[in-house]
Amino acid sequence: MMQTGVSLIDAWFPARYETRVSLRRAILAGHAGRPLPVVIALACYFDESFDEQVHVVAGYMGEVTTWDKAFAPAWSEVIDSAPHRITEFKASECRTGNKEFSWPWTERERMVLTSDLVSVILRTGNIVGMGVAFCFPGLGVTARDRRDMERNGYAIAVSGIFNQAYSFLPNAFGKHNIQDIQMVFDERKGFYGRLMSGYEIAKRYIDVEVARILSPPIPTNTPLPAIQAADLLANETFREIRARLTGDGVSHVLERLVCSQKVGHFAKCASWGNLEEYNSQVVCGRRPEIKLGLLYKPGVVRELGHWGVE
């Protein structure tokens, strides 16, 4: 029997995890009196140097019970057991050894932590990783051009995420009558304006059935484990785009994620044909036709000669 004076939300978690990791708490106000939705936790990476723009929206979709009962405690346990204290996992800072991951952290300790967190993702099951990237290298010589491309790019990314989520629901969760999909993201990382701009444009183009079950995005300042995992996937997807541009190999982390038998990962990229074709057209001063094609899919990170076109 529940103790007198203890709310449902307070009873949901062990006390040590309650306020720090409760995705249910983060979305509860917007879903009072309604069944809890399927939740998409999103993160973003972007590169805004003059010559190159690479933007990624990526994250994980799962049910609230999966996030809060299975995933969050396991993720938080790894964070709490880290060799040096950190408040949350940030993929780029961990990889480069900055901020909370600077000395006394060693490179090996940072690699082990990342590997342990990837293992949490892969053990969880009942979640789906997905992303949409857009890359505009060498295009948009003025600030206005770059802003226009960014706005349209985020609309492509957000609508792509929504449509992927809708298509994955029956197979991933065995549900054909989902009434609500809720998007959650970290508002602290400069993503809010980009996401909301893309969301408003995307609503005009997504399938009417998808639009019907979408709830407005919810930003949060809480470092939810689901958002930290989304940050990891977004960072790895971003690095994969950069690796293809520079001819580098696939990262071990992304390879582990995508080749998992338990958690499916799928991403698309706004691109211009294969990389060789793209480079030859840029050298000749031509603007290649934009296409939305495959970036990676379950079991396949990169196919021979592949640059995001199916």
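The values are calculated or read from the model by the stated rules, or taken from the named source; none is laboratory data. For clarity, every value in this text was computed on a predicted model and none was experimentally measured. Neighbour counts run over all protein chains shown; Cβ positions are idealised from the backbone, glycine included.
Tell me, yes or no, whether segment 179-198 has at least one residue that is over 16 Å from the mean Cα position of the chain (by Cα), surrounded by fewer than 19 Cβ atoms within 10 Å (Cβ to Cβ) and in contact (Cβ under 8 Å) with a residue 60 or more places away in the chain. Step through it out loud before you land on a result.
Applying the first criterion (over 16 Å from the mean Cα position of the chain (by Cα)) to segment 179-198 yields 179-180, 193, 197.
Adding the requirement that they be surrounded by fewer than 19 Cβ atoms within 10 Å (Cβ to Cβ) leaves 179-180, 193, 197.
Filter once more, keeping what is in contact (Cβ under 8 Å) with a residue 60 or more places away in the chain: 179-180.
Yes, because at least one residue in segment 179-198 is over 16 Å from the mean Cα position of the chain (by Cα), surrounded by fewer than 19 Cβ atoms within 10 Å (Cβ to Cβ) and in contact (Cβ under 8 Å) with a residue 60 or more places away in the chain.
Can you pull out the residues in segment 77-90 that are more than 23 Å from Phe238 (Cβ to Cβ) and either of a type in the set (Lys, Arg) or not in a loop (DSSP other than H, G, I, E, B) (or both)?
Of everything in segment 77-90, those that are more than 23 Å from Phe238 (Cβ to Cβ) and either of a type in the set (Lys, Arg) or not in a loop (DSSP other than H, G, I, E, B) (or both) turn out to be Glu77, Asp80, Arg85.
So, of the residues in segment 110-137 that are surrounded by fewer than 16 Cβ atoms within 10 Å (Cβ to Cβ) and of a type outside the set (A, V, I, L, M), which turns out to be nearest to Ala155 (Cα to Cα)?
Gly125
What are the residues in segment 132-179 that are within 24 Å of Glu209 (Cα to Cα), assigned to a helix (DSSP H, G or I) and either hydrophobic (A, V, I, L, M, F, W, C) or at pLDDT below 70 (or both), if any?
Within segment 132-179, Ala155, Ile156, Ala157, Val158, Ile161, Phe162, Ala165, Phe168, Leu169, Ala172, Phe173 meet the criteria.
Identify all residues within segment 39-62 that are of a type outside the set (Asp, Glu), farther than 30 Å from Leu28 by Cα and either modelled with pLDDT of 90 or more or not in a strand (DSSP E or B) (or both); write none if there are none.
Selection gives Ser49, Phe50.
Kindly provide the set of residues from segment 242-279 that are part of a helix (DSSP H, G or I) and modelled with pLDDT of 70 or more, ordered by number. Spell out the reasoning first.
First, pick out the residues of segment 242-279 that are part of a helix (DSSP H, G or I): 242-246, 252-258, 275-279.
Result: Arg242, Ala243, Arg244, Leu245, Thr246, His252, Val253, Leu254, Glu255, Arg256, Leu257, Val258.
List pairs: first in segment 92-105 and touching a residue at least 12 places away in the same chain (Cβ under 8 Å), second surrounded by 15 or more Cβ atoms within 10 Å (Cβ to Cβ) and basic (Lys, Arg), Cβ under 8 Å, 6+ apart or cross-chain?
Filtered contacts from segment 92-105: Cys94/Arg110; Arg95/Arg110; Gly97/Arg110; Glu100/Lys90; Phe101/Lys90; Phe101/Arg110.
If I filter segment 91-109 down to residues being surrounded by 14 or more Cβ atoms within 10 Å (Cβ to Cβ) and either assigned to a helix (DSSP H, G or I) or of a type in the set (Val, Ile, Thr) (or both), which single residue comes out as farthest from the chain's Cα centre (by Cα)?
Glu109
For Glu88, state whether it is modelled with pLDDT of 80 or more, surrounded by fewer than 23 Cβ atoms within 10 Å (Cβ to Cβ), over 19 Å from Gly131 (Cα atoms) and among the acidic types (Asp, Glu).
Considered against the rule, which asks whether it is modelled with pLDDT of 80 or more, surrounded by fewer than 23 Cβ atoms within 10 Å (Cβ to Cβ), over 19 Å from Gly131 (Cα atoms) and among the acidic types (Asp, Glu), Glu88 comes out as yes.
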